[in-house]
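Data first, discussion second: the structure below is written as structure tokens.
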Number of protein chains: 2
Amino acid sequence: MDASRQENITRILDAAERLFRHYGYTKTNVADIARDLGMSPANIYRFFSSKTEIHQALCARMLEASYQQVYEISRLPLSATERLRRYVLAQHKMTVETMLDEQKVHEMVIVAIEREWHVIEKHIDRIDQLLAEIIRDGIEAGEFADQDPEIAARCFDSSVVTLCHPQMAAQCLAKENRPTPGELIDFALRALKK
Amino acid sequence: MDASRQENITRILDAAERLFRHYGYTKTNVADIARDLGMSPANIYRFFSSKTEIHQALCARMLEASYQQVYEISRLPLSATERLRRYVLAQHKMTVETMLDEQKVHEMVIVAIEREWHVIEKHIDRIDQLLAEIIRDGIEAGEFADQDPEIAARCFDSSVVTLCHPQMAAQCLAKENRPTPGELIDFALRALKK
DNA sequence: TGAATGACGTTTTGCGAATTTTGTCAGTCA
DNA sequence: TGACTGACAAAATTCGCAAAACGTCATTCA
């Protein structure tokens with residue numbers, strides 16, 4: 001049956017997420033996850049072909065939540081400028097809070113960045129699509145100069161990478177000689193304007 | 001005597017640079033450097049208090065060369081826009097070529113980023129000062145909007161970080177969904193314009 | 001007298017053995 | 001018959017110790 005299969009997958013991911021958050025990604029092995037669910041390690045492999053695949057699925061699930069957040073911001077009844085500003089601030093807050101405060105989550109992210117390029121790339125693509133739509137709105141509303149929304153979205157994203165990329169954010173957080181989030185966002189927004 | 005002391009320091013750095021480039025930073029020990037110069041390991045410590053200090057000094061020397069390159073660009077008889085464009089392209093080229101092609105240099109850079117924050121921060125400050133001057137020129141010439149040149153320089157730098165930061169450049173190089181250097185530079189320059 | 005060194009204590013690294021973990025598969029049980 | 005497991009091979013990780021590298025200092029030598 002397919003629904004019960006999905007059920008199992010969700011249960012495994014829930015258990016994995018809880019254990020990874022509590023003990024860390026490397027300290028948790030699939031035997032731990034199996035024990036937590038009262039099943040044998042071998043059984044886990046009927047649903048995920050490797051521990052890495054569990055990590056990837058979990059990663060995708062978390063990124064999906066992040067995407068939802070951005071999606072909601074993108075639909076707010078606000079100017080394109082304001083929506084972009086809120087997007088970056090939300091991402092920055094998310095990055096700083098969950099990546100740096102929670103040591104265990106940070107480990108998962110680092111491993112993810114090192115290894116699971118595909119899930120992350122797909123996420124970036126989807127986010128950039130949303131950004132492109134907002135920018136398209138802005139162009140139509142006369143807020144922004146006429147330009148290719150896809151390229152503009154990529155450039156905008158790259159410009160604020162120091163605020164949203166976990167590694168960069170970690171490196172820049174304590175530095176004196178860096179622009180404030182507000183300054184950098186205003187700068188990037190100015191590039192879009194007429 | 002102070003001149004001969006300087007002489008020794010330079011010789012040690014020259015030897016260290018050659019050996020680091022050839023064998024890698026971690027594979028080279030201070031005994032290797034000493035042997036190469038026909039002196040005892042202990043003697044090295046009259047000039048540098050640790051292997052790390054040698055690495056830092058070497059780092060500073062290389063960054064100084066990079067600074068010189070930027071300095072020359074900043075004095076070229078070109079528009080501010082064009083000088084900034086050349087600055088980023090030069091940095092990008094440098095980063096890609098020396099950091100990624102030469103594996104051994106890459107190792108030194110990674111160790112440097114992980115440990116020797118101070119030298120690197122100082123370098124960024126100096127570069128940003130040059131950029132601020134160029135931007136000041138641009139404002140006076142009417143190319144750029146009126147703005148704080150210091151802040152603008154920091155923002156500009158942050159915006160193109162994916163092109164100049166060794167780790168970021170390495171991560172973004174192969175990606176499809178990233179702006180091209182040209183696109184990103186134009187984007188950042190647009191933020192400065194009137 | 002001060003540049004230079006050999007000898008030496010301390011810390012770090014490298015490496016093979018032992019243990020843990022991953023992932024497979026034949027076989028059990030409902 | 002197919003969800004599930006225990007037993008097991010292969011791969012990865014940890015551990016303990018020997019070797020190497022770091023950094024100090026009393027001593028030598030010019």
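In the range A:18-43, the residue that is nearest to the other protein chains (Cβ to nearest Cβ) out of those that are more than 8 Å from DNA strand C (Cβ to nearest atom) and among the β-branched types (Val, Ile, Thr) is A:THR26. When the range A:36-64 is filtered for residues that are part of a helix (DSSP H, G or I) and within 13 Å of DNA strand D (Cβ to nearest atom), the ones remaining, listed by number, are A:ASP36, A:LEU37, A:PRO41, A:ALA42, A:ASN43, A:ILE44, A:LYS51, A:THR52, A:HIS55.
The conditions of being within 29 Å of A:ALA152 (Cβ to Cβ), more than 8 Å from every other protein chain (Cβ to nearest Cβ) and part of a loop (DSSP other than H, G, I, E, B) are not met by B:GLY138.
Does any residue of the range B:123-138 turn out to be touching a residue at least 60 places away in the same chain (Cβ under 8 Å) and more than 18 Å from B:ALA188 (Cβ to Cβ)? Walk me through it before giving the result.
Going residue by residue through the range B:123-138, those that are touching a residue at least 60 places away in the same chain (Cβ under 8 Å) are B:123, B:127, B:130, B:134.
If we keep only those that are more than 18 Å from B:ALA188 (Cβ to Cβ) too, we end up with B:123.
The answer is yes, given that some residue of the range B:123-138 is touching a residue at least 60 places away in the same chain (Cβ under 8 Å) and more than 18 Å from B:ALA188 (Cβ to Cβ).
Within the range B:2-35, track down each residue that is of a type in the set (Val, Ile, Thr) and within 12 Å of DNA strand D (Cβ to nearest atom). Answer for the range B:2-35, where residues must be of a type in the set (Val, Ile, Thr) and within 12 Å of DNA strand D (Cβ to nearest atom): B:THR26, B:THR28, B:VAL30, B:ILE33. A single entry from A:ALA153, A:ALA169 fulfils the requirement of being surrounded by fewer than 22 Cβ atoms within 10 Å (Cβ to Cβ) and either in a loop (DSSP other than H, G, I, E, B) or of a type outside the set (Lys, Arg) (or both): A:ALA169. Report whether or not A:GLU102 is within 19 Å of the chain's Cα centre (by Cα), more than 9 Å from chain B (Cβ to nearest Cβ) and more than 16 Å from A:THR81 (Cα to Cα). Considered against the rule, which asks whether it is within 19 Å of the chain's Cα centre (by Cα), more than 9 Å from chain B (Cβ to nearest Cβ) and more than 16 Å from A:THR81 (Cα to Cα), A:GLU102 comes out as yes.
Would it be correct to say that B:GLU150 is of a type in the set (Asp, Glu), closer than 30 Å to B:GLU53 by Cβ and within 11 Å of chain A (Cβ to nearest Cβ)? No, not satisfied.
In the set A:ALA191, A:ALA169, A:ALA174, only one residue is of a type outside the set (Phe, Trp, Tyr) and under 20 Å from the mean Cα position of the chain (by Cα); that residue is A:ALA169. Please verify whether B:GLN91 is crowded, with 19+ Cβ neighbours inside 10 Å, touching a residue at least 40 places away in the same chain (Cβ under 8 Å) and under 22 Å from B:LEU189 (Cβ atoms), treating the condition exactly as stated. The answer is yes for B:GLN91.
Bear in mind these aren't lab numbers, they're just calculated from the coordinates by the rules spelled out. All values derive from a computational prediction rather than experimental measurement. No Cβ is skipped: glycine too gets one built from the backbone with ideal geometry, and neighbour counts run over all protein chains shown.
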